[in-house]
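Accompanying notes for the structure given below.
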Amino acid sequence: MKSIVQFIYESSQQKPNGFVILKPGFLEYEEEFRRLLKLNDWKILNSKTIRLSRKQAEELYEGQQDKSFYQTLCDYMSSGDCICMTIYKKCIDPIKDMDIFKDKIRADWSKDDMKNAMHSSDSLENVERESKICFKGK
């Protein structure tokens, strides 16, 4: 049986319920991106600047393999540095809340359909899967 101290500690640990990537070519927006996340009640739990390998990009977008843009997307995502973040928001539907946030960011910053500033996970399962791809060894 858990002690009350252990229960309180475990309850206070926030598990990521969001995963986002600030895509290559958009790192100049990092400070503003972080500010907007916080302004929208998202807490950044972990952050890492990386250059995705081609293999990581393919893993990240494995659900898109049958799409005509898959190869171009993987090329783009592995073309330069990006910033990956695991995030947390106390809310009923964090995926829906992130979709609203992503739509606003993309409307303001996108250059085209692919160079659209950010990626976010589309399910809680993908939050875990995608963050493992980007945070291996951390």
Extending each Cα 7 Å along its Cβ direction at residue 123 and residue 39, get the distance between those two points in nm, one decimal. 3.3
Too long at a 28 Å Cα-Cα cut-off: which of 67/89; 48/102; 15/67; 90/111; 15/48? 67/89; 15/67; 90/111
Roughly speaking, to the nearest percent, how much of segment 38-138's 1.4 Å accessible area is carbon and sulfur? 47
Kindly report the accessible area of the chain per residue (heavy atoms of protein chains, probe 1.4 Å, no ligands, DNA or RNA), in Å². 61
May I ask you to list the aspartates and glutamates whose Cα is less than 16 Å away from that of residue 55, ignoring any residue fewer than eight positions away on the same chain? 75, 81, 130
Keeping all protein chains in the complex and leaving out DNA, RNA and ligands, what accessible area do you get for residue 100 with a 1.4 Å probe, in Å² to the nearest 10? 110
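The values are calculated or read from the model by the stated rules, or taken from the named source; none is laboratory data. A quick note: this is a predicted structure, and the numbers were derived from the prediction, not measured. When we count neighbours, we look across all protein chains shown, and the Cβ atoms used for this are built from the backbone with ideal geometry, even at glycine. Areas reflect the complete protein model, heavy atoms only, side chains present, ligands, DNA and RNA absent. Shrake-Rupley method; radii C 1.70, N 1.55, O 1.52, S 1.80 Å.
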